[in-house]
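Trainee: Pasting a structure below so you can have a look.
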Amino acid sequence: MVTGAGPIGLFATLLVVQRDLEVHVLDRAATGPKAQLVADLGATFHTGDVKDIGVTPEVVIECTGHGPLVFELAYVVAPDAVICLTGISSDTQRG
């Protein structure tokens, strides 16, 4: 599973699809070009809550940088799954 269908998420999706693995991409954008871009890459696009997509991933590449999503992922992944964080930031901005 890849969370986030921005540039990093789409690149991660491309890399995984090229290895002939089943890929599910979760993004919060229900409209716009992301769903078609993910489909064109050969992956399945999902929106909504991670608990409701009906997938138990063994590997997650987290590309949103949204901290609360990381904790939600911990409840839906398979036992001994890997959650790879490509980047995460704090809630506060630094000057």
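Trainee: Six or more apart or on different chains, Cβ under 6 Å: which pairs go from a residue in the range 20-32 that's touching a residue at least 12 places away in the same chain (Cβ under 8 Å) to one that's assigned to a loop (DSSP other than H, G, I, E, B) and not small (Gly, Ala, Ser)? Could you list them?
Mentor: Correct list of pairs: His24/Met1; His24/Val55; Ala30/Thr47.
Trainee: Return the pair list, or none, for Cβ contacts closer than 8 Å from residues in the range 44-56 that are touching a residue at least 40 places away in the same chain (Cβ under 8 Å) to residues that are of a type in the set (S, T, N, Q), at least 6 apart or on different chains.
Mentor: As it stands, the answer is Val50/Thr3, since those pairs meet every condition given.
Trainee: What strands (runs of 3 or more DSSP E) lie completely within the range 3-95 and have 3 or more residues being touching a Ser or Thr at 6+ places or on another chain (Cβ under 8 Å) and modelled with pLDDT of 95 or more?
Mentor: Ranges flagged: 24-26, 59-62.
Trainee: Could you list, in sequence order, all residues of the range 58-72 that are closer than 14 Å to Gly9 by Cβ and in contact with a helix residue (DSSP H, G or I) (Cβ under 8 Å, 6 or more places away or on another chain)?
Mentor: The answer is Val60, Ile61, Glu62, Cys63, Thr64, Leu69.
Trainee: If you take the residues in the range 75-90 that are of a type outside the set (Val, Ile, Thr) and within 13 Å of the chain's Cα centre (by Cα), which one is surrounded by the fewest Cβ atoms within 10 Å (Cβ to Cβ)?
Mentor: Gly87
The values are calculated or read from the model by the stated rules, or taken from the named source; none is laboratory data. Everything quoted here is computed from the prediction, not taken from an experiment. Ideal geometry is used to build each Cβ from the backbone, glycine not excepted, and the neighbour counts take in all protein chains shown.
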